[in-house]
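Below is one structure; the comments refer to it alone.
Quick note: the coordinates plus some simple rules give every number you see, no bench work behind them. In this text, all values refer to a predicted model and were calculated from it rather than measured experimentally. Positions of Cβ are generated from backbone atoms using ideal geometry, with glycine treated the same way; all protein chains shown enter the neighbour counts.
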Amino acid sequence: MLTLQNLLADPRNPRTITAEAADGLRASVSTFGDIAGLTWNQRTGQMVAGHQRLNALKAEAARRGVSLRMDGETIVLPAGAKPEEAEQRFPVRVVDWTDQQQAAANLTANNPAIGGMFTEGLGAMLAEVEEALPDLFADTRLAELKAEAERLTKEVVGGTGGEGDEPPEPQADRAAELAEKWGTVQGQVWEVPSLTVPGRCHRVACGDCRNPDDVARHARPGRPRPLLLAAVERGRMSGVLLPQQN
């Protein structure tokens, strides 16, 4: 018999989630249950979640030369002519919700703010799958995910410019515009989810590392300290690292 103790987390799982996102996910599960698969609202006769999965099943059935059929509340994809095209079954969750509940569930199911984010373990897992299952890697478009991961890594580690490029010119004349765009003000502390320690984050303070008062404000005993307090001058960043407290 399957028990909760059997449901072990994959240590290679290249996803993490912030405390805020996890709380949003908890609220989603509590309110709507599992809406990750095929969900149908009997009150409206419409799909709540799984629209693209259903379209994909129809496309696969056409490719196999078969027709989907229902077995109770389960969609059956009949076997195809090839040995690897075995019959597959996909349960449909049936709910009874108002139009407004359906809309809320639809939005929640597609909300990236509660979906977590990839960690630095993504590259290793992509490489493993690409080597072991190259055809599946290509068919499921994991190559695009790999390219995006490499692009983001390059931006974070080495910047977006080429080797030897001069730093960009400062845009002091746009300071007010950019502050309004990003909602930044002096004294804010931004939390950046850790890529290596799930549930933890780094803190970046909006301040001036050349100002002793700013440094002292974030280094007070008992206060969570930012990872970096930075200043930008002539397009270059300088800063001081403040030790993280446990």
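Which order do the peptides 177-186, 112-121 take when ranked by the mean count of other beta-carbon atoms within 10 Å per residue, highest first?
On the way: 177-186: 10.3, 112-121: 14.8.
Going from most to least packed, we get 112-121, 177-186.
Rounded to the nearest 0.05, what FRET efficiency do Asp135 and Val189 have when you use their Cβ-Cβ distance and R0 = 35 Å? Before the final figure, lay out the partial values.
Details: r = 47 Å, r/R0 = 1.34.
Efficiency for this residue pair is about 0.15.
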